[in-house]
Amino acid sequence: MGRAFEYRKARKLKRWGNMARTFTRIGKEIEIAVKAGGPDPDNNIRLRLLMQTAKTENMPKDNVERAIKRAVSKDTSDYKEVTYDGKGPHGVVVVVETLTNNTTRTAANLRAAFVRGKGELGTTGMNDFMFERKCSFVVAWNDSIDMDELELELIDCDIDEVFRDEDDIMIYADFKNYGAIQKYLDEKGLEIKSFKFERIPVTMRELSPEEQEDVNALIERLENDEDVVNVFHNMA
């Protein structure tokens, strides 16, 4: 099924188990989407998809509305997306996506987190070659779907992978193609359960259980920073 499937499988329980953290991440991504495309979901595809993701994750409607209001308020006008690259313990590479209004604070906090986590904050872009930027869709399965036909039709959207995973259909594509995929799924009346941008590792690094604990400790430190939206790594 490909690298994207194995990556998702490896991350599934660890990365989505904490409901509060998931709500925080979605809220920050909603803010980013509103700043990029406005607060009207009818005219902002990315926002509309994230609102559906929030619904699937049982994120309270009030949380979604507050995130939208924060994004259009003057208090958050200086927030911007900044990506940081680093090295974790045992040769693991890490990319951290943030939403910040103070890059000096964010960089200092992340540098300290890397050091405490036996890693090192590096230079921006140094890990780009280690990841492929993708968009991913989770679509609800129903018995009327013909997977062969779906795959053939999605080729026009330039997807990388589509496969069934239990009661869901997973779709991966270059991150720039999310608009065309969303339009196709809407036209076909298929239910989009969630959507996100991801960075898929080109190669995965196998570690012992003890080494994995070290990396997980670093990831937790990074994710606990209020400016952090996503943490990506190549640990298997």
- Residue by residue through segment 168-182, note down the ones that are open to solvent by less than 30 Å² (accessible area, probe 1.4 Å) and outside any strand (DSSP E or B). 179, 181, 182
- Restricting attention to segment 98-138, which residues are touching an Asp or Glu at 6+ places or on another chain (Cβ under 8 Å), part of a helix (DSSP H, G or I) and open to solvent by less than 60 Å² (accessible area, probe 1.4 Å)? 106, 110, 113, 114
- Query: Restricting the first residue to segment 26-39 and requiring it to be part of a helix (DSSP H, G or I), which pairs with a second residue that is among the acidic types (Asp, Glu) meet a Cβ separation below 8 Å and a spacing of at least six or different chains?
  - Reply: 26/57; 32/81
- Residue in segment 54-69 that is among the β-branched types (Val, Ile, Thr), in contact (Cβ under 8 Å) with a residue 60 or more places away in the chain and assigned to a helix (DSSP H, G or I) present: yes
- Task: Kindly indicate the residue of segment 72-97 that is among the acidic types (Asp, Glu) and under 21 Å from the mean Cα position of the chain (by Cα) and also least open to solvent (accessible area, probe 1.4 Å) among those meeting that condition.
- Result: 85
- Query: Looking at 236, 217, which one is open to solvent by 20 Å² or more (accessible area, probe 1.4 Å), under 30 Å from residue 103 (Cβ atoms) and among the hydrophobic types (A, V, I, L, M, F, W, C)?
  - Reply: 217
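Listed here are the residues, each with its yes/no results for (1) surrounded by fewer than 16 Cβ atoms within 10 Å (Cβ to Cβ); (2) on the phi < 0 side of the Ramachandran plot; (3) touching a residue at least 40 places away in the same chain (Cβ under 8 Å).
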{"position": "166", "(1), (2), (3)": "yes, no, no"}
{"position": "184", "(1), (2), (3)": "no, yes, no"}
{"position": "196", "(1), (2), (3)": "no, yes, yes"}
{"position": "200", "(1), (2), (3)": "no, yes, yes"}
{"position": "221", "(1), (2), (3)": "no, yes, yes"}
{"position": "232", "(1), (2), (3)": "no, yes, yes"}
- Exactly one of 156, 160, 128, 143 is within 23 Å of the chain's Cα centre (by Cα) and modelled with pLDDT under 95, and that one is 160
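The values are calculated or read from the model by the stated rules, or taken from the named source; none is laboratory data. This structure is a prediction, so every number in the text was calculated from the model and none was measured. Here the Cβ is made from the backbone with ideal geometry for all residues, glycine too, and neighbour counts use every protein chain on show. The area values use the complete protein model at the heavy-atom level, side chains included, leaving out ligands, DNA and RNA. Shrake-Rupley method; radii C 1.70, N 1.55, O 1.52, S 1.80 Å.
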